[in-house]
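The next block holds one structure in the form of structure tokens; read it before the comments.
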Amino acid sequence: SSDLMKKLLANKFKSSLFISLCFSFLLTSCYKDKGSVTMTYYKGVAIYGDIETLRNTPLLSSAKIVENPGKIFIGEDFILIGEEHKGIHVFDNSNPNSPVNVSFLDIPFSKEFFVEDNVIYAESHYDFLKIDISNVYSPSILFRYENTFGSPLLNNSGQQLLGFNFELVTETLKLNSPEVNALNESFDLYYDYSNQLIPAANVPSSFAGNSAQDLGTLNKIAIYDKFIYMVGKSKLIYFEDNQSNFVNVQELLLDDGLETIYLEDDNLFIGSDNSMTIVNVSTPSAPNYVSEYFHSVSCDPVLPFKDVAYLTLRSNDDGCNGTINSLDVIDINNINNPTPLTSIEMSSPYGLRIVNNYLFIGEGINGLTVFDANSPENLVYVNNYENIHAYDIMMHPTISDRLLTTNQNGLQQYAIDFTTMEVYHLSTISY
């Protein structure tokens, strides 16, 4: 999906100072000269404005063309497609052969959302929104929790920080300078109205979420017992939805490089670039670190299913570090000690789903790969559908033979004959 591709391309700087700054293979270069270092990086210059004007933007507007898609929710008769930093497209999908673009929910600076019980929970820059979609054609904001993700930074005129304009620059900086130290911890450098460095920790976090009704595996938001959990770069942020407000925003520090989150029973399975972390939320207000399974550095989502967890580890030309492209199966019967069962070499694995005991894995331009997963420790290869380019994979919430995939051209809907394993294309929502 578009959100995934942006995330992968953002993987520009990591690890220790000179490994990160000198050898990051795409966007960073440097050399040391008498106490200085020359670096190529993205410089963000602050944009300021009136956040109250944005907060008063009318929610419902006419349908718009999908240009920069983000997260996707599949409902029984409609589909929601996020438009990066702008809002959510609403499609009538009562006829899956011909979905209709009917309206747009205008949510400025929105990137992430998920849906549960006819409610959209949406991030909108500093704020978190709760939107009633019991009638998807007449939605309304139930309430807005302002400054959930931090208080707005101000310029000398009292305007709020709204975002950044980024430029790729090459500069020579002093070793151990604030800029060099910041690049060792973050992907970009952020500057305010007076050209002063803004610590990355003071910049509102970006999250990537999906829905509870049909959950893909490329997600950064989960909900359990009215608690909302989000992964940032190195921490789990969580708070309670008490029906009239969001309360008790807290954080649990974890490892750096967090990428995805998936809820199974009362455990959160969090994928990072080098591990799978298990956090127990049986006491929702006090998430508890349980264990961690380490793997080679790569990009990976995690899909827990019964007593195993499936990891797709990817390292290819899309910005992921490392050299591994594989499907790993981990025994999580004892969540205190996850242990590997098997590993299968793959081409470029992304999202994955279990349907009717078949494991579907999107391999991007390398097609859709399917395994018989009746015996997780001994997966049986079924087929690779070369013509189905797939990144994330979702299922219809009530129709068991409906498969939906995302790729660089749009959202695809398919029907599956599980007897013959034939897959039939129904429609495409292009973007």
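With Rg and the Kirkwood Rh both taken from Cα atoms, where does Rg over Rh land for the stretch 230-312? That ratio is 0.99, to two decimals. Remark: the chain carries a charge dipole of roughly 1040 debye about the Cα centre, counting +1 on each Lys and Arg Cβ and -1 on each Asp and Glu Cβ.
The share of accessible area on the stretch 96-149 that comes from carbon and sulfur is 41 percent, using a 1.4 angstrom probe. Counting Cα-Cα pairs of the stretch 72-211 in 5 Å increments starting at 0 gives whole-percent bin shares of 2, 9, 16, 18, 14, 12, 10, 8, 6, 4, 2, 1, 0. If you wrap the tightest convex hull around every Cα atom of the stretch 135-187 and split its volume per residue, you get 208 Å³. So what does the Cα-only Debye profile of the stretch 28-104 read at q = 0.17, 0.18, 0.24, 0.25 Å⁻¹, as log10 I(q)/I(0), no solvent term? With one equal scatterer per Cα and no solvent, log10 I(q)/I(0) is -0.78, -0.83, -1.13, -1.17. Phi angles of the stretch 165-176 translate, via the Karplus equation with coefficients 6.51, -1.76, 1.60 and θ = phi - 60°, into HN-Hα couplings of 9, 9, 9, 7, 10, 10, 9, 9, 10, 6, 4, 6 Hz per residue; Gly and Pro are given as x. Exposed loop sites here are GluC sites (Glu not before Pro) assigned a DSSP state other than H, G, I, E or B and surrounded by at most 12 other beta carbons within 10 Å; excluding them, the longest clear run of the chain is 77-385. For the chain, the solvent-accessible area works out to 42 Å² per residue, with a probe of 1.4 Å and every protein chain left in place. Note on residue 62 and residue 202: with the Förster distance fixed at 35 Å, the Cβ-Cβ geometry gives a FRET efficiency of about 0.45. Remark: the chain projects, on average over all directions, an area of 20.4 nm² (convex hull of Cα atoms). Annotation: amide H of residue 185 has no partner in the under-5 Å range at sequence separation 5 or more or interchain, hydrogens built in the peptide plane. Over 24 Å between Cα atoms, which of 111/226; 71/235; 174/220; 86/226; 86/233; 43/233 qualify? Violating the 24 Å limit, Cα to Cα: 174/220; 86/226. For residue 133, the residues 5 or more places off, or on other chains, whose built amide H falls under 5 Å of its own are 119, 120.
The values are calculated or read from the model by the stated rules, or taken from the named source; none is laboratory data. If you're wondering where the values come from, they're calculated on a predicted model, not measured in any experiment. So basically every Cβ, Gly included, is an ideal-geometry build from the backbone, and we count neighbours across all protein chains shown. Ligands, DNA and RNA are stripped out before the accessible areas are found, and what is left, the full protein with its side chains, is counted by its heavy atoms. Shrake-Rupley method; radii C 1.70, N 1.55, O 1.52, S 1.80 Å.
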